[in-house]
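Presented below is the structure to which this report refers.
The values are calculated or read from the model by the stated rules, or taken from the named source; none is laboratory data. Remember, it's a predicted structure, so these values are computed and weren't measured experimentally. Ideal geometry is used to build each Cβ from the backbone, glycine not excepted, and the neighbour counts take in all protein chains shown.
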Amino acid sequence: MPDSEYRDVRSLDLFAPLAEETFTSLMRGAYVQNFPAQIELIHEGDPSDFLHIVISGSVDLFSSWNGRDTSLSTVRPNSTFILAATIKDAPYLMSARTLEKSRIALIPSRDVRATFDVDGGFARAIVTELAQSYRSVVKAQKDLKLRTSLERLANYLLGQQRHAGGGAVFELEFEKRRLASVLGMTPENLSRAFRGLQPYGVIVTGTRVTIDSQPDLERFAAPDPLIDDPST
């Protein structure tokens, strides 16, 4: 693994408690690989052989059932996935595919578990990361079950606006079919939802969004930090 990428992995909060010797031992069996876009990295139901770390690019976590599939989340640098399966030595509950050309570090799961067993600081860091992941799942469930599709889209757009710098005009993060899947909607329902937000000042042209009336959209969306703030 090149020194720059070694340092990128080392800088993750997950590995911060490890002594340098312990981290070096953990990374002894790790390697980095380049993947083109739309390559399936793991398949749900398979054994969790590796902990994956996205160094560059982005990865879609998704699931399929009975001929349907849905996108669950997007992983960007520098983040791990799927930590719970690695620690539990259990099958993956999700599949993962690259959304673009991506560089991924892979650490053997058995080495992660062995370090977890002997290093208390590392174990606490893993528990902290898993707790944050759990809270993210709770927020996603609240968003899905407490809000209408129109309210979910409104809050998603406000979040994307903040992520893009807060301007009135910004680009959608995903193409619309994938966005519909992320929000638990069909593409047809997403199109209707965009039209439904027009009275609140939302104008969509292709992937470009313009918010003409920020107060109107915020009043309708009623964002809640216990759902929408990633830091809580």
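The table that follows gives values for the structure above.
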quantity: Contacts under 8 angstrom Cβ, first residue in the range 200-213 being under 15 Å from LEU190 (Cβ atoms), partner exposed (fewer than 14 other Cβ atoms within 10 Å of the Cβ), 6 or more apart; calculated: VAL202/THR210; VAL202/ASP212; VAL204/THR210; THR207/GLU171; THR207/GLU175; VAL209/VAL169; VAL209/GLU171
quantity: Neighbours by Cβ (under 9 Å, 6+ apart or cross-chain): first from the range 182-196, free of Cβ contacts under 8 Å to residues at least 12 places away in the same chain; second of a type in the set (S, T, N, Q) and surrounded by 15 or more Cβ atoms within 10 Å (Cβ to Cβ); calculated: PRO187/SER181; ARG192/SER149
quantity: Residues of the range 187-211 satisfying the condition of being modelled with pLDDT under 95 and in a loop (DSSP other than H, G, I, E, B); calculated: GLY206, THR207
quantity: Criterion: over 13 Å from the mean Cα position of the chain (by Cα) and either of a type in the set (Val, Ile, Thr) or under 16 Å from PHE35 (Cα atoms) (or both) - qualifying residue of SER64, SER95, SER102; calculated: SER102
quantity: Flag for ASP119 being out of contact with any Gly (no Cβ under 7 Å at 6 or more places or on another chain), surrounded by 13 or more Cβ atoms within 10 Å (Cβ to Cβ) and under 20 Å from GLY29 (Cβ atoms); calculated: yes
quantity: Residues being assigned to a helix (DSSP H, G or I), of a type in the set (D, E, K, R) and in contact with a helix residue (DSSP H, G or I) (Cβ under 8 Å, 6 or more places away or on another chain) - total across the range 118-143; calculated: 4
quantity: Of all residues in the range 169-186 being among the aliphatic types (A, V, I, L, M) and assigned to a loop (DSSP other than H, G, I, E, B), the one that is nearest to the chain's Cα centre (by Cα); calculated: LEU183
quantity: Residue count for the range 153-172, restricted to those that are free of Cβ contacts under 8 Å to residues at least 40 places away in the same chain and under 18 Å from ASP228 (Cα atoms); calculated: 7
